[in-house]
Amino acid sequence: MKADLHIHSVHSLNDGESPIGDIVEAALRAGLGCIAVTDHNSFESWRELSGETRVIAVPGIEVSSRDGHILAYGVDGDIPRGMSAEETIAAIHEAGGVAFAAHPYRWWSGLGEEKAANSGFDGIEAMNARSTRSGNRRAAGLAARLGKPVSAGSDAHRADRVGKCYVDIPDADTWQEVLASIMAGKAAFRGESRGALETLEYGFKSITRWIRRGFSKT
């Protein structure tokens, strides 16, 4: 089963473009059996997805820690932004979830190697369709060196990008089974990295936002 574990909806304010319904339809067209809509600092998508039956939905959030972005899977509510990586991981665990270092080598929002390796993460996002090929290679290598479970996702901010990157996992019936397979190391990442033209466009937009935030990762 294919699972895209990093998607953004309109609930990622001023960032995501697509409503939940469009994302689900795109996932079905892409042959996905599972998605995680991980909006920036918002759990609102799960409130719409919790009754979805056509695709398995994993509850998730992308949390803006002060050290960089962190993917929370399996949580039962919002996680405060602006804490350290270690504090954020503790809060995710308290909420019943697991914490993955999102795109660790993306320098304006990633955690960097030292934080990703030494903060107590449960896993590493090994492939992201909006990261460069080099960044993805390094992330996969870091996960392998640490012996950590891996996730992967399109990081889609529009529905037409859903499914561009994903993990292959054993077939499952519930999101709990999906997470169990991932944590047992049964996920294999697949998909594409960001191309040169997209890197220029995405880099300009993201760095501009980073500067407007006062060079903050939150």
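Is it the case, given these coordinates, that A129 is of a type outside the set (V, I, T) and surrounded by 20 or more Cβ atoms within 10 Å (Cβ to Cβ)?
Yes.
Across region 1-19, which residue is nearest to the chain's Cα centre (by Cα) among those that are outside any loop (DSSP other than H, G, I, E, B) and surrounded by 23 or more Cβ atoms within 10 Å (Cβ to Cβ)?
Among residues in region 1-19 that are outside any loop (DSSP other than H, G, I, E, B) and surrounded by 23 or more Cβ atoms within 10 Å (Cβ to Cβ), the one nearest to the chain's Cα centre (by Cα) is H6.
Checking the condition farther than 22 Å from S193 by Cα, touching a helix residue (DSSP H, G or I) at 6+ places or on another chain (Cβ under 9 Å) and aliphatic (A, V, I, L, M), which residue from A91, A129, A95, A99 passes?
Sole residue among the options that is farther than 22 Å from S193 by Cα, touching a helix residue (DSSP H, G or I) at 6+ places or on another chain (Cβ under 9 Å) and aliphatic (A, V, I, L, M): A99.
Answer yes or no: is there a residue in region 33-53 that is part of a strand (DSSP E or B), touching a strand residue (DSSP E or B) at 6+ places or on another chain (Cβ under 6 Å) and surrounded by fewer than 22 Cβ atoms within 10 Å (Cβ to Cβ).
Scanning region 33-53 turns up at least one residue that is part of a strand (DSSP E or B), touching a strand residue (DSSP E or B) at 6+ places or on another chain (Cβ under 6 Å) and surrounded by fewer than 22 Cβ atoms within 10 Å (Cβ to Cβ).
Report yes if some residue within region 71-78 is out of contact with any Gly (no Cβ under 8 Å at 6 or more places or on another chain), in a strand (DSSP E or B), modelled with pLDDT of 95 or more and within 23 Å of A143 (Cα to Cα); otherwise report no.
Checked against the condition, which is being out of contact with any Gly (no Cβ under 8 Å at 6 or more places or on another chain), in a strand (DSSP E or B), modelled with pLDDT of 95 or more and within 23 Å of A143 (Cα to Cα), region 71-78 yields no hits at all.
Where in region 82-200 are the strands (runs of 3 or more DSSP E), entirely inside, with at least 2 residues that are under 17 Å from L71 (Cα atoms)?
In region 82-200, 98-101, 123-128, 150-153, 165-168 are the strands (runs of 3 or more DSSP E) which contain 2 or more residues that are under 17 Å from L71 (Cα atoms).
Quick check on this structure: which one of P104, P80 is of a type outside the set (G, A, S), free of Cβ contacts under 8 Å to residues at least 40 places away in the same chain and over 15 Å from A152 (Cα atoms)?
Exactly one of P104, P80 is of a type outside the set (G, A, S), free of Cβ contacts under 8 Å to residues at least 40 places away in the same chain and over 15 Å from A152 (Cα atoms), namely P80.
The values are calculated or read from the model by the stated rules, or taken from the named source; none is laboratory data. All values reported here derive from a predicted model rather than from experimental measurement. Every residue, glycine as well, gets a Cβ built from its backbone with ideal geometry; the counts of neighbours run over all protein chains shown.
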